[in-house]
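Report on the following structure.
Since every read-out is calculated from the coordinates, none of them should be taken as a lab result. On a predicted model such as this, the values are computed, not experimentally measured, just so you know. Here the Cβ positions follow ideal geometry from the backbone for every residue, glycine too, while neighbour counts run over all protein chains shown.
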Amino acid sequence: MNKLKKFYNNSSISKKIYLQTIVVAITTLLLFAIFILSSLIYQYNYAKKIGTESTANTDAKLTEILSKYNVDNSETSQLTNLINENNQQIINSIENNIYIVLILSMILIALLIFITYKSSKKLSKKIAKPINEIANQLEISKINNNRTDAELQIASEIQTGFLAKPLPAFPHRNDVLLYADMIPANVVGGDLYDYFEIDDDHIALVIADVSGKGISAAMFMLVTKTILENQAKDNSNPKSVLSNANKILATNNEAGMFATCFFVVINTKTGDCEYANAGHNLPIIVRNNSNITEFIGDVKSVPLGIFEDTKYQTGKFHLDIDDRLIMYTDGVTDTFNDHNQEYGTDNLVKFIDSRQFTKISTITATNALVRDLQIHSKNTEQFDDITVLLFARTENNSFHQINITPEIECLNDILLFLDANISHVQPATRNNIELIVDEVFANIVNYSFKDVPDYLHEIVSVGIDFQSDNIELKFIYGGTAFDPTKSTTTGLSEDISKRDIGGLGIHIIKQLSTSLKYERTNEKNIFIVNLKDE
Amino acid sequence: MLNTNESVTGNTYTIELEGRLDSVTSSDFKARIAELQEAKNDIVLDLKKLDFLSSAGLQILVMAYKKAHEQKETIKFSIVNPQDSVVAVIKLTSLERILEN
């Protein structure tokens, strides 16, 4: 808003007002001065003329009169001189008077110019004052807005900081997969997900949705998160964890806030799970052997923070290897499209059924679901926080691998998988790995699955393995037989302007790798790229 | 993720690229470049904040370069401020020439 002030002060407006006033004033004064001067000059000349005429007349008349009385010439001329002297004195006095009037007029004009200048300045200041005031007001409101924005930003950072845990979760474990995504509707959100290890064999998962929005929801959410984590430390019985947390939250809860919450403890060895639900959306399990989706639990429970004496019950379910547990907040089902139709539980189940959730990595499943929500809500404003969390138990596997669908967007899932697996390699090596992965995966999507109608049911596996300074990238994929090593490399020495721009990718792969291997077994393509850690 | 920031002076579009120009992000960008060149605009690509360039992105740069050189007198295309990792990819494919202005 300083701009407005500067604009007024520096630029044209103020100067124009000044100049225009002064020009008008000076022109008027000059005209006035010319008028006074010319009238004075006219008066002067008129007086002089009358004086001269009267002198001449006096001479003639005197000579005539005196001749009648026989006065001699010398006496006559003496008398004439006397009268003429007297006349001259009159002319002189008129002249002097004119000079005085002239000087006075000049002073008056100067004074008028000075006053005009001063008043024009004052006028311009007077106009400047309200403009400056508006600018100041705007400035202040901007500062306030900035302050609110900055405070919200800090709140968001605090929240993110508390929530920040590595994703994919548990990078040190190879018996579980966990990935989540939260998209707040505002800078700060009221959704919460959390995970922690209670002991080597027990993992706790939390998902919660706080009533309301903004800072208050964010604060209540952080309190809820802290209380739940503290309660779960001493006691892995879900009903006690929720009951105790509820009591703390309901006491002194003058703002009347509450949170729905689903809390589950998973035995990672046996797959036995215990949960308690405080009015939260029922999680979904996709069974690996049957691909059937089912809901867990009972909705008839009270959210946390309302009644101090609410007691929660523990429920049980079993999670087999490669089953998928999907937890989410109502932001998912309450996502509306531009025809005001909600995504709903039906669409959620339909989407899960349409994809092989049990075959793809939790990263890919989570991101695919979020993408589907974004497609559904295209051109509409998000009004609720959206949170999705996927969990799976896996077979012990030392080979780091991600399973994705052959959609180009899944390249981002591979990058997230790489984030978790190759953080220890040199930046240059990482860049090389990303170049190879980008190229091979784009080829798989564009060639192997180009004409496969049900490509979303197909799985592409990308694995990474480290042996001393050698890195092995392994791509396993169905679709059309496609051997990237057989791709032709275009002659790079040719003139760029004549060169075919395809084939750059395979050239890059060949340049960056130490060896390439392709085989087709059981309708599957297996492509292996080895490279050095630089 | 790829963020693009365009500024226009006359018929010269300066496009600042931030993030990654890869197989996922390149299709939208490709369409934009083609559209600008079709309308006979000059393009300056500022790669100061571009962290990653894959062959899919490189193809767009080469295409734009070729298009500008086919019509030498009418449109200009130049690349400025590339990061080392981006230059490395361009060198790997012996395409340094597209960096010459």
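Of note:
- Angle in degrees between helix B:26-38 and the longest Cα principal axis of chain B, rounded to the nearest 10: 20 degrees
- Environment charge of A:Gly344, counting only residues whose C-beta is closer than 11 Å and scoring Lys/Arg +1, Asp/Glu -1: -3
- Rounded to 10°, Cα long-axis angle of helix B:55-70 versus longest principal axis of chain B: 30 degrees
- Rg followed by Dmax, in Å, when region A:169-397 is reduced to its Cα trace: 16.9, 50
- Nearest-0.05 FRET efficiency for A:Thr270 and B:Val87, computed from C-beta distance (R0 60 Å): 0.65
- Rounded to whole numbers, the Karplus 3J(HN,Hα) couplings from phi for region A:523-528 are 6, 10, 8, 10, 10, 10 Hz, using 6.51 cos²θ - 1.76 cosθ + 1.60 with θ = phi - 60°, and x at Gly and Pro.
- Here the relative contact order of chain B, from alpha carbon pairs under 8 Å that lie six or more residues apart, stands at 26 percent.
- Cut-off 19 Å, label 7 Å out along Cα→Cβ of B:Lys49, residues of region B:83-101 by amide N: B:83-87
- Per residue, the Cα convex hull of chain B amounts to 84 Å³.
- In angstrom, the C-alpha Rg and Dmax of the protein assembly as shown are 44.8, 164.
- For the protein assembly as shown, the 222 nm mean residue ellipticity estimated from helices alone, with every DSSP H stretch of n ≥ 4 adding -39500 (n - 2.57) and the total spread over all residues, rounds to -16000 deg cm²/dmol.
- Under 5 Å between amide hydrogens, built in the peptide plane, is the criterion, and for B:Ile79 it picks out B:Leu45 among residues at least 5 positions away or on other chains.
- Relative contact order of region A:416-532: 27 percent, from C-alpha pairs under 8 Å at least 6 residues apart in sequence.
- In order along region A:195-202, the phi-based Karplus estimate (6.51 cos²θ - 1.76 cosθ + 1.60, θ = phi - 60°) of 3J(HN,Hα) comes to 8, 7, 8, 7, 8, 4, 9, 10 Hz; Gly and Pro are listed as x.
- With a simple spin-label model that places each label point 7 Å from the Cα along the Cα-to-Cβ direction, the separation between A:Asp309 and A:Glu133 comes to 6.2 nm.
- Among beta bridges identified by DSSP and lying wholly in the protein assembly as shown, the antiparallel ones come to about 85 percent.
- Each residue of region A:95-101 was assigned a 3J(HN,Hα) from its phi angle through the Karplus curve 6.51 cos²θ - 1.76 cosθ + 1.60 (θ = phi - 60°); the sequence is 4, 4, 4, 4, 4, 4, 4 Hz, with glycine and proline shown as x.
- Cα centroid separation, region B:52-82 to region A:110-178: 40 Å.
- Range of Cα positions in region A:254-339 per principal axis (Å), largest first: 47, 41, 18
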